[in-house]
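Structure first, then comments.
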Amino acid sequence: MTGAVPDPLPDWLSAAARITVLTGAGISTDSGIPDYRGPNGVWTRDPDAEKLVTLSYYVADPDIRRRAWLMRRDMGALDIRPNAGHDALVGLERQGRLRTLITQNVDGLHQAAGSTPERVLEIHGTVHEVECLGCGDRTSMDDALARVAAGEPDPACLVCGGMLKSATISFGQMLDPAVIEAAVDAAADCDVFLAVGTSLTVHPAAGLVDLAARHGARVVVVNAEPTPYDDVADLVVTEPIGTALPPLLAAPA
Ligand SMILES: [Zn+2]
């Protein structure tokens, strides 16, 4: 029931034609994306850093905004590339078996690996774009960081002069209803719901598992640590993601 990837795979998995996948931070740690919430996480060690991604602090304090742009600049300078886990999900799409790829990650690594952008739902947004909190205008993070490098510590919207922020969902900020609706549809309409590298403790992502199960999908959880949904799952794999996904998502014989 728990642990290794079963060999052979159960028929319901190897024959599944419509798989919805939910990914969380665990799939990106192998790529060098820092962990934020874990025991040695960025926010655990420096609670002040969490203010950088909390909307009320961001809006109220120019110094928080200045520090947030520098954080984006420093993150952008890291050599971050997709890994075997991302590649396995590209493979699943090429087999024609990927219904939808829902991700809690904001790093854009699924698209960088080759997943079709239209098939990826970024429920927490993306660091690769910035959004004006006033008029909603969207531009690229690269452009904003170029302005920071050129001496604007807190660049303003070029359309309306409003406040710019990375197009990520900060704490205290509404999720995009259209993205959530699409994620709900994808969970309710699949043969298999595969949750990868997510602790399944943050809603609405966690609720998608229940939804999928209620609609008759088989549930697979791939996570190093136990999740609250392990009892709901038909299969729980605790192997590292990079070694578990390739055999788990192997093309049907
Ligand atoms: Zn604007």
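With a 10 Å Cβ neighbour count serving as the proxy for reagent exposure, in which order, fewest first, do 123, 241 appear?
Working: 123 21, 241 25.
Neighbour counts put them in this order, fewest first: 123, 241.
Highest mean first, how do 154-165, 4-15 rank when packing is the count of other Cβ atoms within 10 Å averaged over residues? If you can, show how the numbers build up before the last one.
On the way: 154-165: 16.2, 4-15: 13.5.
Ranked from most to least packed, the peptides come out as 154-165, 4-15.
Go ahead and estimate [θ] at 222 nm for the chain from helices alone: -39,500 (n - 2.57) per DSSP H run with n ≥ 4, summed, over the residue count, rounded to 500. Write down the numbers at each step before the final one.
Values: 11 runs with 88 residues, N = 253.
Result for the chain: -9500 deg cm²/dmol, rounded to the nearest 500.
So what is log10(I(q)/I(0)) for the range 1-132 at q = 0.09, 0.13, 0.21, 0.22 1/Å, when the Debye sum runs over its Cα atoms only?
Values, matching the q order: -0.35, -0.67, -1.33, -1.41.
Over the alpha-carbon set of the range 103-189, work out the extent along each principal axis and list the three values in angstrom, largest first.
Computed over the Cα atoms, the extents are 48, 27, 21 Å.
If amide H atoms are built 1.01 Å from N in the plane of the peptide, which residues on other chains or at least 5 residues away come under 5 Å of the amide H of residue 23?
The list, which skips near neighbours in sequence, is 102, 103, 104, 196.
How do the peptides 50-57, 190-197 rank, highest first, by the average count of neighbouring beta carbon atoms within 10 Å per residue? Each step should come with its number before you reach the end.
Values: 50-57: 17.8, 190-197: 25.1.
Going from most to least packed, we get 190-197, 50-57.
Looking only at the chain, where both bridge partners belong to it, what percent of the DSSP beta bridges are antiparallel (to the nearest 5)?
On the way: 8 of 32 bridges.
Taking every DSSP beta bridge within the chain, about 25 percent pair in antiparallel fashion.
Ranking 118, 181 by Cβ neighbours within 10 Å, fewest first, what do you get?
Numbers: 118 7, 181 11.
Exposure proxy ranking, most exposed first: 118, 181.
Under the Kirkwood approximation applied to all pairs of distinct alpha-carbon atoms, what is the hydrodynamic radius of the chain in Å?
Details: mean 1/r = 0.0525 Å⁻¹.
One over the average 1/r among Cα pairs gives 19.0 Å for the chain.
Which ³J(HN,Hα) values, rounded to whole Hz and listed in residue order, are derived for the range 107-113 from phi using the Karplus coefficients 6.51, -1.76 and 1.60 in 6.51 cos²θ - 1.76 cosθ + 1.60 with θ = phi - 60°, glycine and proline given as x?
8, x, 6, 5, 5, 4, 6
Taking only the C-alpha atoms, wrap a convex hull around the range 121-239 and report its volume per residue in Å³ as a whole number. Display every interim value, and only then the final one.
On the way: hull volume 15.2 nm³, N = 119.
With only Cα atoms used, the range 121-239 gives 128 Å³ per residue.
Only the coordinates and a few stated rules stand behind these numbers; no lab work does. Since the structure is predicted, the reported quantities are computational estimates derived from the model, not experimental observations. Heads up, the Cβs are rebuilt from the backbone with ideal geometry, glycines too, and the neighbour counts pull from every protein chain shown.
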